[in-house]
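The next block holds one structure in the form of structure tokens; read it before the comments.
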Amino acid sequence: MTLVEMVSDKSVVSGLDRQSTPHGPFRRFLRGIIHFFSYHLILGRRSTRVTHAAGFRLTVRPTVFHPRYFLSSERFAEFIGSLDLSGRHVVDVGTGSGILALAAARAGAERVIATDINPNAALSAHENARANGLADRVTSLCTNLLSALSPRPLFDVILSSPPKHAGEPRDLADRGWHAGPKYRDVAALFDQARERLKPGGRLYVMVSSDSDLNLFSSLIEGPVSARVSFKNIRSSSNR
């Protein structure tokens with residue numbers, strides 16, 4: 001997994017400095033098998049689960065992305081823990097269980113908003129903030145990306161671990177895996193971040209080798225940052 005960091009300073013940013021590698025038939029077949037079992041056994045489950053991940057006790061409602069089975073969430077949370085977010089205002093876009101929002105609060109953030117288009121995810125994030133003693137600094141909001149938040153400089157840090165795969169999601173649960181054709185469902189994130197990051201603010205987005213890095217590059221380009229940097233994060237999961 002790779003974290004893309006963008007810094008807001010009104011300059012013009014170039015896209016990713018790496019390109020997508022075409023996937024052969026075996027890689028596409030393997031990815032299809034992984035998705036089949038992930039969807040039917042994890043994403044599409046009908047029961048609420050309780051798990052522990054990144055030092056938090058988490059309630060994961062049906063259709064919500066499960067951070068224990070997909071280890072990229074814990075790796076991202078570990079990275080957030082290395083940041084000094086003291087006094088910062090943070091938003092976690094596509095929060096799922098709320099694990100990244102909780103990690104930001106634990107790292108010292110003064111205020112964290114956890115957003116998700118899935119109402120079950122927004123509810124899970126709310127419950128998990130209370131269960132982990134962070135409800136005074138973490139609030140949840142059911143919204144599409146950042147659309148419900150005022151388009152003005154509000155945040156020092158924006159976090160997001162969006163769906164890594166293009167393709168039409170079959171239902172609400174599958175939106176944790178597929179972001180629509182050409183990443184339709186997350187494409188607006190970068191423009192929205194431009195409007196809502198404070199000067200010097202940072203946007204951290206996790207992508208993977210299965211992501212279309214060429215397309216992400218075109219989405220990132222624009223007046224957001226003078227610097228785009230990369231941090232590799234090891235994970236045994238493609239999501």
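Below is a table of values for the structure above.
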read-out: Stretch gain in nm, segment residue 148-residue 110, where the contour uses 0.36 nm per residue and the Cα spacing is subtracted; value: 11.6 nm
read-out: Simple label model, 7 Å out from Cα along Cβ direction - residue 51 to residue 168, nm; value: 2.9
read-out: Scaled radius of gyration (Cα, divided by 2.2 N^0.38 Å) that the stretch 2-232 gives; value: 0.96
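The numbers here are math on the coordinates, done by the rules we state, and not lab data. Because the structure is predicted, anything quoted here is derived from the model rather than measured. Note: ideal-geometry Cβ built from the backbone for every residue, glycine included; neighbour counts use all protein chains shown.
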